Each structure stands twice: as structure tokens, then as C-alpha cells.
């Protein structure tokens, strides 16, 4: 068997999968987005740009998503980096595996159930009561953008921790010693050694979290009390409530485009930041 | 309990057998005497069920019948698309035990969602529980079929208030038969009212923006969220007039920062005390008040929604025999009464009303005063497909 044929054979399942599960649905979405809504909802074939002209009607949802997704990614990063650093560099090797498992354990339970648990924690009888007991007033936590942010960080943190952990684990500790021996204060070592060497993990983790957040709808629905409206929520409503599939398809196609643009910009920025290193620059 | 009389193999036999059992247990005259006692409240429902044997009939029947024999006739599975907290699992188990067909329950958040999935070609449901305002659309779209009433002998049109049964009849053909009815009002925790008045939809929206700011909930549902905002101005609950809808939208967007949530799952928040007031359906009010008597149910004096849920059979139903069997099983007055005890909605069927305990029949939540009831409107089909309402809902939620 010729090597090229063998390669194609091995890649056939993946190719078939991508074709059926990604390319074809995307084509359907694109075709639908030029259609019009039937009288009772659904899709009527047409060739109209009306749905794209009407995108302004969901601008607020895009705006919310484009603020909360990068903010959520950044918050995840700020929390995940020190944790990954601790796990990779500082933690006792005997405990490391156990600690890593602890980071994954929440994934064993459905995000839906974990989000419901947060309703109890952030609801009036949870944390706010505790804060009131301490005499600091009773803040409203549940059904706020803050609650959505908590849910996002909680839900997506492991996706950020792992790539950074992998990057930092490969870091040669002698470099940290050398930096210190040469008189660099810890903060400068962080800026000039550990951070740049973890950038590949930061780039991967941020992309994973950001892309998933752009399509998020469950956490805003559950922890935002239906008051925080992401593009994902707009899509759910368009397909399941108003049954305006062509407009929903146009919003979905636009979301894909927006993601492509923001991810490209992000990767360009990372490339410049890392001085064009191969392991960081994914493009 | 003997099984020799039973001829397994058809659903007709199930029905006949069940009736036979009733007669076996107690003579008709004695049954009526007990029924009268139950009506007067001199015996409890439990006692009534015990002496008449009705409560035990189904389970005894089930225990005595070889379920598999029936499975050949109606299959081993029946799928139902319905609403949360709407069926007592024990009653569905009784159906399975009696017929061999396990009931696969799928619950939905709204009629719109149900319609969307059926339009998208979802199959596998034999029975769909749909609300009045969707029936005509389902028929136009060819999603549901005309019902063969001879297969549902437990449905008695004469016992049913025509107001609730009529939306199921289109061009003289019966496509849907009523299962139960209800209203959409609001529930409010009287402890948080501190003497403030809560009688109308005007009160609801004024309280939501002032005294109960941060503690009120609105359904995540175009029909009721927009409909009850329209009522603030005294417009029709079903209005699709642009100027009137614009007023409703203004009110919704003004109220939004004051709302605790836009969510149709309001029981948990009302129970935890996080929310003090919410748009509310009859059955939820009954369930809430059962545990928290301080929660009141208010039908706005301006009106609001009156609705009726129906059993329908989709044209795509894979197992129509089982669909008919399940509908007939659940409409049997004793069974319907058991279901009503569970979900807390009236059935609109006078035979079932007679079997309900005194406190349910006297409940103003279930059976509102005539003047309040007469002010209510059935949801109109036009709201289901009106694009403007959908856009208002999106702007309200995104604001």
C-alpha cells in the first residue's frame, strides 16, 4: 500500500466526520440564512439579504457577548495562571496528580447541575445571608452579570488551567534559578521568563475558553435569570420560540464570522507578543 | 381478584375489564351514595376510594393482567410531549402495568418550543399536550390528525364546558380534546406586600417597579409576558396592534431593571423568598399555596389569560393505538381526578369535579369567581406566529 493511500485511509473517518458534522451543517446554515420565515415559522426557500439587513435587531446580544466573553476569558486567565504555576512548579510532586484530578473532578458532573448548585449558593439564602450576618448588608448576587461571570469562570477554569499547566511543566526550573542568580527580582522573572514561556498554553487556553463562551447560553439563562442575553440565548429563542429559522441562521453565520475575525486578531496579537515563536503562533 | 374473565389481547378488553371490576366491587347504587357523601364532605377522599375500590382498581387490574399480552396490541412504548409537573408518575406506571406500554415523558418549556420541534420534523411522540391557541396552527400545518372519538369513550363532551372544548374542534372536526384548564394570573407573597394592594395587572407592574423592585418575576414567554403588559393599559391580551405593542414594550423595558428574573420556572424563587411576586399559572399557585399559605393568587381585574390544554395525536405518531389508549386512560374520571390532585389544575369536566375533595372544589384559585373568569381571554393563534411579538421579547430580554 502506498504511503499516501494509507494516510488517506487513516484520515477518512476524521474527514467524513468533519464533512458531515461541520461542513454540511454550515452550508445548511448559510443557505437558510438567505431564506424567509414561513407564516407559521420555519424556513421558506428564497434568495434574500433581508435577514442580514436586520442583524441590528440582535446587536445588543452581540454587544453583551463581545463584552462578557473576553472579560470571562481574561478572568479565567488571571485565576488559572497562578494555579497552573503552583501545580507545575511549586506543588509537591507526590500530590501533583491528586491536585490535577481535583481540577478535573467538577467535569464529572453536568454543567447544568453545577449551575443549579450556584443558584443556591448565590441565592438569597446562600452567600448574601452570610454577608448579612457579618453586618455588611444583603447584596443581590443571583441573576446579575456578576453571577454569570462566576458561573463562567467556575465552568471554564479547567480548560484554561490545563494548557498553561502543560506549558509550565516543560519549563526548565534552572532558568528560574539563573534569573534569580543574575539578580532579577521575582516579578521580573515572572515577566521575562515564566510568562513568555507559558504563552503557548495561554494562547491555547484562551482560545478554548473564548470560543466556547461566544456560544454560551446556559449559564446566562440559569445564573442571569434570563436577564443577561447572549447571542446564544438569541439563537435559542429564534429557533425554538419565534421559529424564525432564516434569521436565526443569519445570526449564527454572523456569529461564526465574528469569531473568525476576533480569533484571527487575537492570534496575530499573540504572534507579535511572542516575537513570532513557532510554539505560540498557531498561524 | 381473578384473571379468568380477562381476555388479553386488545385494548377493548382493558376497558371492559376495568368497568367490570368497578361493578364487581360495589353496586352502582351504593357507589352513588358514597359519592354523595364525598361531595358533602362527610367522608374523606381516601375513604371514598377505599370503599368503592376505585383507588385500588387500576393497580389490582395491573397486578392481575399479563402485561406482555397487551404489549402486542399497543406496543411497549408510548411517547408523550407534555409540561413539567403535569403527570403523577404513579399514574403513568399504572398505565404501563395495565397495558405493557411504558410512557416516555418529554417535557417542554413552551408551546412554541413544541411546535418548533414538530415543525423541524421531530418524531417519536404519540401524544402531544398542546394549548388552545396552537391547535389551529397545528391543523393548518398538518401536524396533528383528526381524532377517532370512538377510541376515546372516556371523553364525554356533554360533561365538558364547551368554552374549554371548542378550540379543539376545527371545521366541525375534533382534533383535540381538553385535558385540563387554567388561568394565568400572578402569585404574590402577602408578607412582602405590607398592606399594598395587589388586585390588578396595573398593581403588578407598579409593585414590580416600586415596592417589590428586584423581587418580581415575569414569564420567559411572549404570550403572557407581553399579554399581561398589554393588560396594564387595558388592551386586549392578544393584541398585535403596533401602537399597543409599543406601549407594552415600553412598560417591559422600564420594568426590566427592577425584575428579579425573566423565567417561567418561578416556584423555586418564590419558595426561597428571593422573589415576592411572579406571573403564575393555576397549578403552580395551588402547589405554592399548599406549602406557603401566605402566597396569594391574583387574577388581574382587567383580565388576562384563560387557557385549556388538549390531548392531540400528531400525524407522525409511531404508535397511534397506544396514543388512544393513553388518552383514554388519563381521561377516565377517576384517573383524571387523581391527576388533578397531583397537578392542581381543574379539568373542566363535571364528572371529575364531582370526585375532587371539598377544599379543591371550593378553591378560588381553581374555580375563580365568575366576574374574574369572564374578564379573561383565550390566547389567540395570531400571537404564536406574530413576528413583532417575538422581536419585542428579544429586545426586552436583551435590554
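Coordinate-derived values only; no laboratory data. Keep in mind the model is a prediction, meaning the values are calculated, not measured. Cβ placement follows ideal geometry from the backbone for every residue including glycine, while neighbour counts extend to all protein chains displayed.
For segment B:302-368 versus segment A:165-218, the spacing of their alpha-carbon centroids is 62 Å. Convex hull volume of the C-alpha atoms in segment B:273-346, normalised per residue: 144 Å³. Taking all C-alpha pairs of the protein assembly as shown, those more than 46 Å from each other amount to 32 percent.
Mean sequence separation of contacting Cα pairs (under 8 Å, at least six apart), scaled by the length of segment A:27-171, corresponds to a relative contact order of 27 percent. When only Cα pairs below 8 angstrom with a gap of at least 6 residues are kept, chain A shows a relative contact order of 27 percent.
How big is the convex hull of the Cα atoms of segment A:30-79, per residue, in Å³? Let's see the in-between values first.
Numbers: hull volume 5.3 nm³, N = 50.
Cα convex hull per residue, to the nearest whole number: 106 Å³.
With the convex hull drawn around the C-alpha atoms of segment B:86-222, the volume per residue stands at 182 Å³. For the peptide B:389-397, the mean number of other protein chain Cβ atoms found within 10 angstrom of a residue's Cβ is 6. Straightening the chain between residue A:173 and residue A:20 buys 50.5 nm, computed as 0.36 nm per residue apart minus the Cα-Cα spacing.
If you average 1/r over every pair of different alpha-carbon atoms in segment A:124-245 and take one over that average, what Kirkwood value in Å do you get?
It works out to 17.8 Å.
Helix A:245-273 and the longest principal axis of the Cα set of chain A meet at an angle near 30°.
Which percent, nearest 5, of DSSP beta bridges in the protein assembly as shown are antiparallel? Can you show the working numbers first?
Working: 26 of 42 bridges.
The antiparallel fraction comes to roughly 60 percent.
Could you tell me the calculated FRET efficiency between residue B:290 and residue A:2, based on Cβ-Cβ distance and R0 = 56 angstrom, to the nearest 0.05? My answer for the efficiency is 0.15. Please list, in order, the residues from segment A:80-100 whose amide nitrogen is less than 12 Å from a point placed 7 Å along the Cα→Cβ vector of residue A:273. Zone members listed by number: none at all.
Would you calculate, for chain A, the mean residue ellipticity at 222 nm contributed by helices, counting each DSSP H stretch of 4 or more residues as -39,500 (n - 2.57) and dividing by all residues, to the nearest 500? Intermediate results must be reported in sequence, preceding the final value.
On the way: 14 runs with 187 residues, N = 283.
Value at 222 nm, helices only: -21000 deg cm²/dmol.
Calculation over all alpha carbon pairs of segment A:195-283 in 5 angstrom steps from 0 returns a P(r) of 3, 13, 18, 18, 14, 11, 10, 8, 4, 1 percent. Size descriptors for segment A:34-273 (Cα atoms only): Rg and Dmax, in that order, 21.8, 75 Å.
Computed as a quarter of the hull surface, the mean projected area of the alpha carbon convex hull for segment B:223-314 stands at 7.8 nm². For chain A, the longest principal axis of the Cα atoms and the long axis of helix A:195-214 meet at an angle of about 20 degrees.
Mind checking Rg over Rh on segment A:198-243, alpha carbons, Kirkwood formula for Rh? Don't jump to the answer; show the numbers that get you there.
Details: Rg = 13.8 Å, Rh = 11.8 Å.
Rg/Rh for segment A:198-243 comes to 1.17.
Counting only alpha carbon atoms, the long axis of helix A:111-122 and the longest principal axis of chain A meet at about 70°.
Modelled label positions at residue A:90 and residue A:49, each set 7 Å beyond Cα in the direction of Cβ, lie 5.6 nm from each other.
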